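The values are calculated or read from the model by the stated rules, or taken from the named source; none is laboratory data. Bear in mind that the values here come from a model prediction, so they are computed numbers and not experimental data. Here the Cβ positions follow ideal geometry from the backbone for every residue, glycine too, while neighbour counts run over all protein chains shown.
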Amino acid sequence: MLLEFTRSIHGAWRIARMDPDALNYFNLTIDGFWRSFMALLIVAPFYVVFLVLNHGNQPGLELPTGPFVSTEYYVGVKLIAFTIGWLMFPLLMVPLSRLLDLSQNYVQYIIVYNWSNVLVMAVILPMVLLFPPASPAGESAKLILMAAQITMLFYGYLVARIGLQCKTLTAIGIVVFDLLLSLLMSLMAGRLL
């Protein structure tokens with residue numbers, strides 16, 4: 001299983017390099033589909049570090065948190081919302097892929113999507129460590145983080161194009177849908193903070 005994990009993460013890297021053979025690195029079977037959700041267990045600890053570093057910085061469209069919100073509560077709420085969002089996306093993609101006549105590529109897309117999130121966290125977390133939004137660099141750090149996030153949105157587009165084997169506008173729509181779902185989950189979590 002470790003070999004499958006490392007090959008899948010390498011496949012996610014190959015997508016970033018726009019390698020047309022990147023799908024060859026993934027286990028595109030039903031077993032591979034279910035095992036791809038193990039990527040959540042790889043990403044979760046790093047996401048916790050990300051949350052701890054950003055606690056109280058109010059990045060993006062999050063609702064402000066008051067001083068009474070403990071780090072543990074903040075991390076717990078955000079981690080639950082992140083997990084629900086991660087699991088909800090594949091469920092919502094079932095009817096969406098049928099609507100877009102992409103059902104035949106649904107399984108491979110979710111496999112690639114799940115493993116690509118490991119690479120996304122591997123890029124975003126070092127950026128947050130090197131350029132925390134609350135650092136003295138302030139605006140420069142925020143610009144660097146924004147550039148990293150835009151890069152990750154483009155990467156999401158590549159994942160959708162390769163995984164779903166769809167047209168450009170469809171891939172862009174899928175990325176926007178994923179982004180809106182993430183923002184919705186973040187805002188819902190913000191209401192509990």
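Data overview
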| read-out | value |
| --- | --- |
| Counted residues, segment 173-189 - those being among the hydroxyl-bearing types (Ser, Thr, Tyr) and modelled with pLDDT under 90 | 1 |
| Some residue of segment 48-68 being β-branched (Val, Ile, Thr), in contact with a helix residue (DSSP H, G or I) (Cβ under 8 Å, 6 or more places away or on another chain) and either closer than 20 Å to residue 164 by Cβ or at pLDDT 95 or above (or both) | no |
| Only one of 87, 129 that is closer than 24 Å to residue 49 by Cβ and without any contact (Cβ under 8 Å) to a residue 60 or more places away in the chain | 87 |
| Test: residue 103 is of a type in the set (S, T, N, Q) and under 25 Å from residue 48 (Cα atoms) | no |
| Residue list for segment 1-54, restricted to those being farther than 25 Å from residue 150 by Cβ and polar (S, T, N, Q) | 6, 24, 27, 29, 36 |
| Residue under evaluation residue 136, criteria (1) surrounded by fewer than 19 Cβ atoms within 10 Å (Cβ to Cβ); (2) of a type outside the set (Gly, Ala, Ser); (3) modelled with pLDDT of 90 or more, criterion not met | (3) |
| The one condition in (1) surrounded by fewer than 17 Cβ atoms within 10 Å (Cβ to Cβ); (2) in contact with a helix residue (DSSP H, G or I) (Cβ under 7 Å, 6 or more places away or on another chain); (3) polar (S, T, N, Q); (4) farther than 30 Å from residue 76 by Cβ that residue 108 fails to fulfil | (1) |
| Criterion violated by residue 170 - all others in (1) modelled with pLDDT of 95 or more; (2) surrounded by 12 or more Cβ atoms within 10 Å (Cβ to Cβ); (3) in a loop (DSSP other than H, G, I, E, B); (4) not basic (Lys, Arg) satisfied | (3) |
| Residue among 164, 180, 145, 187 that is in contact (Cβ under 8 Å) with a residue 60 or more places away in the chain, loosely packed, with under 15 Cβ neighbours inside 10 Å, on the phi < 0 side of the Ramachandran plot and not charged (D, E, K, R) | 187 |
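Residue-wise test of (1) among the β-branched types (Val, Ile, Thr); (2) in contact (Cβ under 8 Å) with a residue 24 or more places away in the chain; (3) in contact with a Lys or Arg (Cβ under 6 Å, 6 or more places away or on another chain); (4) part of a loop (DSSP other than H, G, I, E, B).
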{"residue": "8", "(1), (2), (3), (4)": "no, yes, no, no"}
{"residue": "11", "(1), (2), (3), (4)": "no, yes, no, no"}
{"residue": "18", "(1), (2), (3), (4)": "no, yes, no, yes"}
{"residue": "27", "(1), (2), (3), (4)": "no, yes, no, yes"}
{"residue": "34", "(1), (2), (3), (4)": "no, no, no, no"}
{"residue": "39", "(1), (2), (3), (4)": "no, yes, no, no"}
{"residue": "42", "(1), (2), (3), (4)": "yes, yes, no, no"}
{"residue": "45", "(1), (2), (3), (4)": "no, no, no, no"}
